[in-house]
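Bear in mind these aren't lab numbers, they're just calculated from the coordinates by the rules spelled out. What you see is a predicted model, and the numbers here were worked out from it, not measured in a lab. Please note: Cβ atoms are built from the backbone with ideal geometry, for glycine as well, and neighbour counts cover all protein chains shown.
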Amino acid sequence: MDKKPEMPLVRALRRYEKKHSTRFHMPGHKGRGGFKDLGRLFKKNLFRWDVTELPGLDNLHEPTGVIREAEEKLAMLYGAERSFFLVNGSTSGVLAMMGAALKPGDRVIVPRASHRSVLSGMILTGAKPVYVMPGWHEELGVYTQIIPEVLQKVIKENPDARAIVVANPTYQGFCPDLKEICEIARQNNMLVLADEAHGPHLAFSPHLPATAGDFEVDAWVQSPHKMLSSLTQSAWLHIKGDRIDKERLSSYLGMVTSTSPSYILMASLDWARMLMESCGRYIAEKALNMAEKARKIINGCTGFYCAGEELKGKEGILDIDLSRLMVNVSVAGFTGFEVEYLLRLKYNIYAEYADLCNVYFLITSWNNNRDIRKLTDALKDISKHGLNKNNGSRNAVQKHASIRNMLADLSAVFKNLPKKAIEPREAFDSGGEWVDLRHAAGRIAKKALVPYPPGIPLIMPGEILENEHIVLTESLIRAGCSIQGTDSNNRVYVTV
Ligand SMILES: Cc1ncc(COP(=O)(O)O)c(C=O)c1O
């Protein structure tokens with residue numbers, strides 16, 4: 001008998017949808033797209049609107065009609081001279097803005113903890129990275145932001161750098177002193193490219209940190225699919241001033257974009273822009289208010305710590321996006337991984353992300369008070385009863401101490417940048433082989449080695465693996481941390 005044809009992905013999506021889980025992960029619409037009717041329109045017209053460049057529907061690659069009109073409305077809203085719709089995430093925007101700004105051999109100043117698209121940008125352009133180490137928050141076990149004095153020093157040592165890439169905010173919601181960074185960059189004739197993937201909502205409330213568009217940045221990219229209502233993979237890029245070559249930018253965008261861009265994604269961008277134009281402040285502040293409510297309950301009624309205002313001014317953090325919840329659970333003797341797992345399995349609550357010390361929840365206007373109540377009730381329950389009811393407090397204290405020791409080891413190794421043997425582009429072009437971590441000392445990495453936490457690369461492509469990196473990586477693996485760049489046999493990928 002013929003077997004019923006299988007659709008494994010569709011099966012998994014159906015299963016997830018049927019759970020009706022409480023979503024604190026991306027995308028920002030939380031599966032509840034029905035705000036102001038577009039959800040219903042999409043439901044009815046998904047296939048009908050899935051079209052290509054027909055007469056009257058313009059062309060994303062050379063827009064002169066309705067796409068251009070929609071992009072102009074977007075530029076007006078964000079105070080940009082020109083804005084571009086993207087159908088391949090902020091990733092493609094980062095690649096395009098780096099591609100427009102940098103030529104092979106140019107130096108570019110980048111935070112060590114940049115998103116992987118920045119590394120891809122360096123490989124594609126052949127630019128030479130100059131890494132800036134962000135600050136480090138010992139108790140939370142997370143990196144923070146670029147400290148202007150550290151940047152000054154790096155610029156002094158690399159006066160010929162062409163551009164600075166900066167994230168506003170980081171994944172944790174930390175914003176740097178962008179005004180100061182832009183001033184330093186201007187004085188040194190450097191471009192500023194802002195990765196604002198997590199900040200498309202910042203412009204809409206005075207209670208949120210400043211957006212890159214408020215300062216003299218040359219280009220900034222945002223992912224409305226993360227914090228607003230557009231569909232996953234849609235994003236937008238803004239530019240201003242005359243220091244970015246617009247033709248070169250358009251050509252680069254053309255190279256990293258499909259020639260069949262989805263009209264569904266573009267329509268969702270137009271929709272997200274319209275919503276922010278008509279009620280942006282309400283949308284941004286509804287999320288902030290719900291997050292604040294959750295923060296108060298978590299800090300008042302659980303043993304966990306939800307980071308807030310008090311972090312401002314510490315370790316390069318000028319401001320913080322409080323519509324994200326970063327819940328430190330290591331303070332109560334849990335790992336972030338344990339709490340994330342328990343929330344998912346026992347309470348049907350999906351967080352955005354977890355690391356050794358923290359669990360992260362993204363709150364947008366598409367969440368509601370019921371979601372907040374479920375989350376805070378679950379966290380109260382976990383904090384009260386532990387992972388299992390036999391967990392004594394001695395256990396928790398010991399675990400907290402061992403997490404702190406490991407973080408101290410990590411921050412010590414991170415104090416010095418590894419030695420660079422070749423540039424990322426050369427490492428990418430070299431041959432490669434997987435070798436056992438134990439035998440990798442002295443070898444040049446071909447893939448970055450990124451432990452979580454802290455999410456900062458221990459080694460970048462082209463850098464030399466030393467014994468201390470290997471010892472630390474082994475102890476992190478033993479502690480159950482995930483290390484991007486190693487395989488299941490604890491091997492690393494190096495050049496030959
Ligand atoms: C800081 C940062 N920049 C850029 C990106 C890429 O955004 P996208 O997923 O829209 O391509 C991400 C994705 O998570 C990110 O965290």
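How about segment 136-192: which GluC sites (Glu not before Pro) there are in a DSSP loop, with at most 14 other Cβ atoms within 10 Å of their Cβ?
Values: sites: Glu138, Glu139, Glu149, Glu157, Glu180, Glu183; in loops: Glu138, Glu139.
Those that pass, being in a loop and sparsely packed, are Glu138, Glu139.
Exceedance of the 20 Å cut-off in Cα-Cα distance is limited, within the set Lys226/Lys346; Lys156/Lys446; Lys103/Lys246, to Lys226/Lys346; Lys156/Lys446.
Would you calculate the volume per residue, in Å³, of the smallest convex hull containing every Cα atom of segment 406-495? Mind showing how you got there, number by number?
Working: hull volume 7.1 nm³, N = 90.
With only Cα atoms used, segment 406-495 gives 79 Å³ per residue.
Assuming charge only on the beta carbon of Lys and Arg (+1) and of Asp and Glu (-1), the dipole of segment 400-464 about its Cα centre is about 180 debye to the nearest 20.
Only sites in a loop by DSSP and with at most 13 other Cβ atoms within 10 Å count here; which GluC sites (Glu not before Pro) in segment 66-125 make the cut? Working shown, then result.
Working: sites: Glu69, Glu71, Glu72, Glu81; in loops: Glu81.
Here the sparse-neighbourhood loop sites are Glu81.
A Förster radius of 22 Å combined with the Cβ-Cβ distance from Arg281 to Glu309 puts the calculated FRET efficiency at roughly 0.65. With the contact rule set at Cα under 8 Å and sequence spacing of 6 or more, what percent relative contact order holds for the chain? Computed value for the chain: 16 percent relative contact order.
Put in line by how crowded their Cβ is, counting other Cβ atoms within 10 Å and starting with the fewest, Lys156, Lys73, Lys380 read Lys156, Lys73, Lys380.
For the chain, what does -39500 (n - 2.57) per DSSP helix run (n ≥ 4), summed and divided by total residues, give at 222 nm, in deg cm²/dmol to the nearest 500? Walk me through the numbers before you get to the answer.
Numbers: 15 runs with 198 residues, N = 496.
That calculation yields -12500 deg cm²/dmol at 222 nm.
Of Asn188, Val130, Gly300, which is farthest towards the positive pole of the chain's charge dipole, taken about the Cα centre with +1 and -1 on the beta-carbons of Lys, Arg and Asp, Glu respectively? Value: Gly300.
Ordering Ala70, Ser120, Thr486 by the projection of their Cα atoms onto the charge dipole of the chain, which places +1 on the Cβ of Lys and Arg and -1 on the Cβ of Asp and Glu, puts Thr486 at the extreme positive end. Here's how it looks for Ala167: its modeled amide H is under 5 Å from those of Asp195, which are all 5 or more places away or on a different chain.
Only Lys, Arg, Asp and Glu carry charge here, each on its Cβ (+1 for the first two, -1 for the last two); on that basis the chain has a dipole of about 1980 debye about its Cα centre. Need one number: % antiparallel among DSSP beta bridges in the chain, to the nearest 5. Bridges in the chain that DSSP calls antiparallel: roughly 65 percent.
If each residue's Cβ is checked for other Cβ atoms within 10 Å, how do His115, His198, His25, His439 rank with the fewest at the top?
Working: His115 20, His198 25, His25 15, His439 12.
Final ranking by Cβ density, sparse to dense: His439, His25, His115, His198.
Here, segment 40-275 yields an orientationally averaged convex hull projection of 13.3 nm² when only Cα atoms define the hull. Between the listed residues Gln145, Thr52, Pro8, the Cα displaced farthest toward the positive end of the dipole of segment 1-151, a dipole computed from Cβ unit charges relative to the Cα centre, is found at Pro8. Could you state the number of Å between the C-alpha centres of segment 202-275 and segment 341-361? Cα centroid of segment 341-361 versus Cα centroid of segment 202-275: 29 Å apart.
For the chain, the membrane-span-like helix rule (DSSP H, alpha carbon extent of at least 30 Å along the helix axis, mean Kyte-Doolittle at least 1.6) picks out no helix; this says nothing about an actual membrane. The equivalent ellipsoid that matches the C-alpha gyration tensor of the chain spans semi-axes of 33, 31, 24 angstrom, in descending order. Using only side-chain charges placed at the Cβ, +1 for Lys and Arg and -1 for Asp and Glu, the dipole size of segment 40-275 relative to its Cα centre rounds to 460 debye.
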